1. Which order do the peptides 77-86, 19-28 come out in when sorted by mean C-beta neighbours inside 10 angstrom, highest first?
2. In sequence order, what are the phi-derived ³J(HN,Hα) couplings for the range 140-149 according to the Karplus relation 6.51 cos²θ - 1.76 cosθ + 1.60 with θ = phi - 60°, rounded to whole Hz, with x for glycine and proline?
3. Could you please state, rounded to a whole Å, how far the C-alpha centre of the range 154-187 is from the C-alpha centre of the range 28-44?
4. For the range 52-63, in order, what is each residue's ³J(HN,Hα) by Karplus, 6.51 cos²θ - 1.76 cosθ + 1.60 with θ = phi - 60°, in whole Hz (x at glycine and Pro)?
5. Just need the Rg to Rh number for the range 46-89, please, alpha carbons only, Kirkwood Rh.
6. Would you mind counting up the charge near Val123? Only other residues with Cβ under 14 Å from its Cβ, with Lys and Arg at +1 and Asp and Glu at -1.
7. So what's the back-of-envelope 222 nm ellipticity for the chain, counting only DSSP H runs of four-plus at -39500 (n - 2.57) apiece and dividing by all residues, rounded to 500?
8. Residue by residue through the range 12-25, what is 3J(HN,Hα) from phi via Karplus (6.51 cos²θ - 1.76 cosθ + 1.60, θ = phi - 60°)? Round to whole Hz and write x for glycine and proline.
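Every number in this text was worked out from the coordinates using simple rules, so none of it is lab data. None of the values given here were measured: they were computed from a predicted structure. Cβ placement follows ideal geometry from the backbone for every residue including glycine, while neighbour counts extend to all protein chains displayed.
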Amino acid sequence: MSTMQDINSRIADRVRALRSDLHMSLDALAARCDVSRSMISLIERGESSATAVVLEKIATGLGVPLATLFDDPDASLKPVSRRHERTPWRDPQSGYIRRNISPANYPSPIRIVEVILPAGARVAYETAAREVNIHQQIWVRKGTVEVTLGGVTHRLLQDDCLAMQLNEPTAFHNPTRRPARYVVVVASELWRAPGGRAGGARH
């Protein structure tokens, strides 16, 4: 199985499990996140390479941050994350690459994600208000990233850090001819492991 097939299968299991935990039908989730029932069904069967924008809508409909969908639901709860355990995912639309750095499923209010944004790439998330308050900070490790929150754009250079709350449409853009690398630190009010085990926060 290829890396993309493996992570698409992981996303399929994750979406299906989270929807089941909420006792939510496909139709109910589709109405809640503005993604078609057929698309959600394809994703849950691992038959669609959904874009980051679509997955973010589904995550919001499920009441979890986007990064939650990339955790391995079968990973054991442990406080250490090893490099070889992290599977990168590439957005088929923008080409951006993300890796969950934090230990999968661990009940911590803090989650860390690494992102590589290709030259000229742009990713725009349409979701505004969320049921769960989610805060994140963007720390640029290499290159330049423009982050737009609503109508305000912040130009971040190497070693700059932006604190933000996910409560309005957000876009990430690399205006240069070289890839940009940044770290996202995410925190939210509620964390729920697979099977419904509750914890202090979830990313």
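1. Numbers: 77-86: 10.6, 19-28: 13.6.
Highest to lowest by the protection proxy: 19-28, 77-86.
2. 7, 9, 7, x, 10, 9, 9, 10, 10, 10
3. Going from one Cα centre to the other spans 28 Å.
4. Once rounded to whole Hz, the list reads 4, 5, 5, 5, 5, 4, 5, 4, 5, x, 8, x.
5. Working: Rg = 12.2 Å, Rh = 12.1 Å.
Ratio of gyration radius to Kirkwood radius for the range 46-89: 1.01.
6. Working: positive: Lys57, Arg90, Arg98, Arg122; negative: Glu56, Asp91, Glu126, Glu146.
It works out to a net charge of 0.
7. Values: 4 runs with 46 residues, N = 203.
Estimated from H runs of four or more residues: -7000 deg cm²/dmol.
8. Going residue by residue, I get 4, 5, 5, 4, 4, 5, 5, 5, 5, 4, 8, 6, 10, 6 Hz, with x marking Gly and Pro.
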